[in-house]
Amino acid sequence: MYVVGNKYLFSVMLSTQFPWLTTILLLPLVAASVIPLIPDQHIKSIRWYAFGVGIADFALMVYTFWCKYDLQNSTLQLAESYPWVPQLGLNWSLAVDGLSMPLVLLTGLITSLAMLAAWNVTNKPRLFYVLMLAMYSAQIGVFAAQDMLLFFLMWELELVPVYLLISIWGGQNRRYAATKFILYTAAASIFILVGGFAMAFYGDTVTFDMASLGMKQYPKGFEMLVYAGLLIAFGVKLPIFPLHTWLPDAHSEASAPISMILAGVLLKMGGYALIRMNIEMLPNAHVYFAPVLVILGVVNIIYGALAAFAQTNLKRRLAYSSIAHMGFVLIGIASFTEIGIGGAVLQMVSHGLIAASLFFLSGVTYERTHTLIMEKMGGMAQQMPKVFALFTAGSMASLALPGMSGFVGELTIFLGITTSDAYNPTFKVVVVLLAAVGLILTPIYLLSMLRQVFYGVNNSGIVIEGYLGDAKPREMFIASCLLVPIIAIGFYPKVATQTYDVKTVAVATQVRNVLPTVVAQQGRSPLYSTVLIAPHLAPAESRSLLASK
Amino acid sequence: MEEIYQYAWLIPVLPLVGAMLVGLGLISWNQVTNRLRQINAVFVVSLLGAAMFLSCALLWSQIQGHAPYTRTLEWAAAGNFHLNMGYTIDHLTALMLVIVTTVAFLVMVYTDGYMAHDPGYVRFYAYLSLFSSSMLGLVVSPNLVQIYIFWELVGMCSYLLVGFWYDRPSAADAAQKAFVVNRVGDFGLLLGILGLYWATGSFEFGEMGDRLQDLVQSGSISNFLAIVFAILVFLGPVAKSAQFPLHVWLPDAMEGPTPISALIHAATMVAAGVFLIARMYPIFEGVPAAMNVIAYTGAFTAFLGATIAITQNDIKKGLAYSTISQLGYMVMAMGIGSYSAGLFHLMTHAYFKAMLFLGSGSVIHGMEAVVGHDPSLAQDMRMMGGLRKYMPITAITFLIGCLAISGIPPFAGFWSKDEILGNAFAANPVLWAVGYLTAGITAFYMFRMYFSTFEGKFRGNETEIRHQLKSADAMAVAAGFKEPVPAFGPGAMDTRELAATHAGHDPHAHSEYPHESPWTMVLPLMLLAVPSMLVGLVGTPYANYFEEFIFPPSETLAEVAQKAAEFNQTEFFVMAGSSVGISLIGITLASLMYLQGKINPAAIAAKIKPLYELSLNKWYFDDIYDLAFVKGLRRLARQVMEVDFRVVDGAVNLTGFFTLISGEGLKYLENGRAQFYALIVFGAVLGLVILFGVT
């Protein structure tokens, strides 16, 4: 069904289906181009317009996935493919599966809420909303693209709005933070391009189609090299230590709505792409790199948590906590088990919601106190008990309190790595032990944050903006839109797990199938021969998961 | 009878509904909800009352011999992995349900009086209801993961309730300390769960125990590993039940309102650790080394708590250390294999300790009328004395509690404690000796507390003592130990009072003498006095109904009956007589020192100054932990941040792209000309495509 390479250049795929994904993707972008034409002196109608578009697109996603998507099917669905720039072999091919579908929904929810959170933006509002909507489209594109070049274009398209959104609407150090962000991510994305081209031009057929790339057989050295390149590219985004240093600057300098998107959606692109490309396309190399990913994950958890504890700036602390939480995703991805990989997806969705709510609430606090330095605050609970209640709920979710989504994500990842039969027991013990130390560190820095900001008596001299007072209905709405799914997933995880379960099971099966052959190979470095062990697997027929119907 | 089992899920759900509705009301219609104070309270209390009724019905049905009932539903799944949640009702669960619901019900009634003037009245009921729900969910858990879930949830409720008066920095510190210390225990529990799951592939208690036994016997798992897993699981109870070395959070948790101290930090949540050991008995029983660790930890904690309680002047802190000590007894009982005695003590302790705490709340409530809302005065026993004259019902119920905890027959504590000591003597004389000595100390410090609070003459109006206490407080402030903030007790949460200074006489001290508490507070005290006196009679060695109902999963009823038949009356009289004897010595000493004044305690303290200091400073645990963990972690975190800033970030900034695209290129980007950047990327794409196209 896919248009592969240059062979079918002019055969436009005539689909009897309505192009749902294209509509979802392009709606915000098209709507954004109209914004300059809207006559509005008071920006009131612009913000309603932008928010309306966001919600409408989200509703469209929900409708599409509810009615047109089959949860029991692990292959790509709602596929569309049109040749776009035939000379480059670039196809407009979109599709979703259990991996991308929850993340597309997450994008819709968080971006819409971020636009609602940015209600008070008065500086260049038109440009702001144009960029937000453009970014909305690009994010959906990253998760839905099934063509390597299209993926890369979407990846890049999303960088420019983020850069501008930080550098125009950011804090005092915004230029530095934005430049650092763009240099990191742009430099890293070169690796995507090079890796993508290398894979595309390898072998007899030249294709950018991801499914076809996944079916190619690459030599070992080549696969390792491409894997390493992609790991750097996505590692910047996730972020993985030591490529994380753009993140605290970008998060703390960006305004709260942008931080919501940065933490809620952008970081997930890294995790998503790691599963989509590194595991699915390069499973052999993944077996080699998996122990490294686990170790990096543990480093992320401990290092992020300790660095977070030392921060005095509220948003920087939350930023480092994101680094720590994404460490769990790495461990889950590299666990070689169904539970672990499923847990990684759940952790991404859950962290998206939790981090967005915490960054949003930090913005709500900042609007009233005009400082992010926690030592200068104190006793805020008396003036704004509702914000206090919501902040407490968000922090509890972040420290993996049962009954909230974060717990389910981390528990399943722990179960995944514990039950994994691919690792040496000693290695597993060390990893689980250290990752669990993160569970002790998380409440230390999050509860200290609550204590410093909200508890005690307000004797710091900071006057809360009288006219703002406690949380407004709009702010309550945003926070509850994020907290309700967090609690729903925590109470009954199946609401989330069933959306991706068949897909993550398929991914796990795929990597487990290559595991014995790779592990059995001779001449491996001593690190791997001690860490990785070959599980006893029934020889399953090798089937490619990306194969189209 | 079957129907009540099908609806048993309502027991934890009903209080949850109450908490959620009241909580939503507080968030959405704050002022209206706060104005409807007692309507909210009645709503919450009646929901819990319904749960209590259902629990009693279940207990009755279990006593009648109904088979255990379990119902689950799939909660999470990934591939072949399935995790079920649900509820199970057996003897142990039914007993715990009744203990939790009755104590919670009475505490809720009491709260109406204690928190009557607090602006957080409604919020307090919402938290109480949430806690009851979590605690009930914990006891009905059919598997270890669900226990862990509710285990953490009760911890969160404890955090919220200890920090209930959020304008007190000391409360904020205590709440955080409680949560973090408990997380250390949960860390062990989680690792234990993971390890046991890895080994046995199950989360069910019985299945886990059986498989672990088989695995150890067949040699698939080394004995050492089994010991490690069991001890890791035991770390959970160590934190939750405030056992050495993680006991430090419980005394600080007394910053919470007193009804909370009674419900959470005396009767129910802290006993959850003992409950978990009971639930995990199939595992622990097969690992004798772990049982020894449990027994010795319990015994040491019992002794530690008692020795610290001797020197406490804060009535609530004294009771808190007494709780630690009594929990030590229960844990020790579990460790020596005295399963039903441990749970029996859990039950009797729940009632008499809840009553003692509620009594102390009543005393504080009365004292606040004289000294104002200042915990450092209202809770200090040096300010009290002679209160029996002013609050007779509180005094009598407190005395009953003291007699019960000291093990004077026929009060409840005697039967349970005596059974533990008897079994300890048979199991290990060292443990018995520690428990026996602790029993004497317990009687001493409890009666020290009773005499200096309720007997003698009232000292609340003696300005000299007051100044002495305040200056000690001021010194702590000057030394930086305490922040100089006005303290607010129940009834002083009005924001206008934030401006109130504490110069001169407290404006809330409106009376010369304390008064008896309102009926909502006194009635629960009287109702709790009944089980404190009589509940022990279900477990007398002559007719041990309790043991016939609660016995270890590995034993059968016939074995229990056989054991009961071996009862030796002479042996019982010797054991009971000696433990009553040491209690009476303790009481006599206390009366000589604090009632008749024949012995001067200050002189003794001066003679054994190092020991006195050790007890007064709580064996220096807080100081050591502060130095080793709190300060150490802060230093480590700072170092990590420095490394992050200087090394990681610095390296990338220097060797990275900042130098690569130096000068002109950087200026372009810093001017915000992102189009230029986009151009570079698209140019690069195009260039590469052409390059590849050509070759």
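Overview of values
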{"read-out": "Charge sum, other residues only, whose C-beta stays under 13 Å from B:F572's C-beta, Lys/Arg counted +1 and Asp/Glu -1", "value": "-4"}
{"read-out": "Helix-derived mean residue ellipticity, 222 nm - over the protein assembly as shown, DSSP H n ≥ 4, -39500 (n - 2.57), to 500", "value": "-22500 deg cm²/dmol"}
{"read-out": "Assigned charges on the beta-carbon of Lys, Arg, Asp, Glu; the protein assembly as shown dipole about Cα centre (debye)", "value": "2140 debye"}
{"read-out": "Backbone HN-Hα couplings from phi across region B:53-68 [Karplus 6.51/-1.76/1.60, Hz, Gly and Pro as x]", "value": "4, 4, 5, 5, 4, 5, 4, 4, 5, 5, 5, 5, x, 5, 5, x"}
{"read-out": "Shielded by partner chains, region A:207-251 residues - at least 20 Å² of accessible area, 1.4 Å probe, vs chain alone", "value": "A:P242, A:T245"}
{"read-out": "Contact surface A-B: accessible area buried, both sides summed, square angstrom, 1.4 angstrom probe", "value": "6900 Å²"}
{"read-out": "Sulfur and carbon atoms: percent of accessible area, chain B [1.4 Å]", "value": "66 percent"}
{"read-out": "Average partner coverage of A:180-190, which counts Cβ from other chains inside 10 Å", "value": "4"}
{"read-out": "Label-point separation in nm, B:A289 to A:A59, each point 7 Å along Cα→Cβ", "value": "6.5 nm"}
{"read-out": "Surface per residue (accessible, 1.4 Å probe) for region A:232-315, Å²", "value": "12 Å²"}
{"read-out": "Chain B - charge dipole about Cα centre, Lys and Arg +1 at Cβ, Asp and Glu -1, debye rounded to 20", "value": "1260 debye"}
{"read-out": "Heavy-atom surface of chain B, accessible at 1.4 Å and reported per residue (Å²)", "value": "39 Å²"}
{"read-out": "Amide H contacts of A:F208 (H built 1.01 Å from N, under 5 Å, at least 5 apart or other chain)", "value": "A:G5"}
{"read-out": "Carbon/sulfur fraction of accessible area - region A:305-441, other protein chains in place, 1.4 Å, %", "value": "67 percent"}
{"read-out": "Separation in nanometres of the label points that stand 7 Å from Cα toward Cβ, at B:E2 and B:D626", "value": "6.2 nm"}
{"read-out": "Simple spin-label estimate for A:N73 and B:F572 in nanometres, 7 Å along Cα-Cβ", "value": "7.5 nm"}
{"read-out": "Region B:239-250 - phi-based ³J(HN,Hα) in whole Hz, Karplus 6.51/-1.76/1.60, Gly and Pro as x", "value": "6, 5, 8, 6, 9, 3, x, 9, 7, 5, 7, 5"}
{"read-out": "Surface share of carbon and sulfur [accessible, 1.4 angstrom probe, percent] for region A:57-139", "value": "63 percent"}
{"read-out": "Nearest 10 degrees, 0 to 90: helix B:91-114 Cα axis against chain B principal axis", "value": "90 degrees"}
{"read-out": "Shielded by partner chains, region B:78-107 residues - at least 40 Å² of accessible area, 1.4 Å probe, vs chain alone", "value": "B:A78, B:G79, B:F81"}
{"read-out": "Threshold 50 Å² - residues in region B:612-645 whose accessible area is reduced by that much or more when the chain is no longer isolated, probe 1.4 Å", "value": "B:L633, B:A637, B:V640, B:M641, B:D644"}
{"read-out": "Derived scalar couplings ³J(HN,Hα) [region B:157-174; Karplus, 6.51 cos²θ - 1.76 cosθ + 1.60; whole Hz; x for Gly, Pro]", "value": "4, 4, 4, 5, 7, 5, x, 4, 8, 6, 8, 8, x, 5, 5, 4, 4, 5"}
{"read-out": "R0 of 41 Å, Cβ-Cβ distance B:W619-A:F201: FRET efficiency to nearest 0.05", "value": "0.05"}
{"read-out": "Tilt relative to chain A, helix A:405-419 - C-alpha long axis, 0 to 90 degrees, to 10", "value": "30 degrees"}
{"read-out": "Peptide B:321-331, shielding by other chains (average Cβ, 10 Å cutoff)", "value": "0"}
{"read-out": "Accessible surface, per residue, of region A:57-195 when the full set of protein chains is kept, probe 1.4 Å, Å²", "value": "28 Å²"}
{"read-out": "Tilt relative to chain B, helix B:569-590 - C-alpha long axis, 0 to 90 degrees, to 10", "value": "80 degrees"}
{"read-out": "Under-5 Å amide H pairs with A:Q77, H placed in peptide plane, nonlocal only", "value": "A:V96, A:D97"}
{"read-out": "Number of partner chain Cβ atoms within 10 Å, mean per residue of A:437-449", "value": "5"}
{"read-out": "Efficiency of FRET from Cβ geometry, B:S218 and B:Q38, R₀ 51 Å, rounded to 0.05", "value": "0.25"}
{"read-out": "A:L90 long-range amide H proximity, modeled H, under 5 Å", "value": "A:W84, A:V85"}
{"read-out": "Low-density loop positions, trypsin sites (Lys or Arg not before Pro), region B:557-643 - DSSP coil, at most 11 other Cβ in 10 Å", "value": "B:K598"}
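The values are calculated or read from the model by the stated rules, or taken from the named source; none is laboratory data. Since this is a predicted model, take the numbers as computed values, not measurements. A quick note on method: Cβ atoms are made from the backbone with ideal geometry, for glycine too, and the neighbour counts reach across all protein chains shown. Keep in mind that these areas ignore ligands, DNA and RNA; they rest on the heavy atoms of the full protein, side chains included. Shrake-Rupley method; radii C 1.70, N 1.55, O 1.52, S 1.80 Å.
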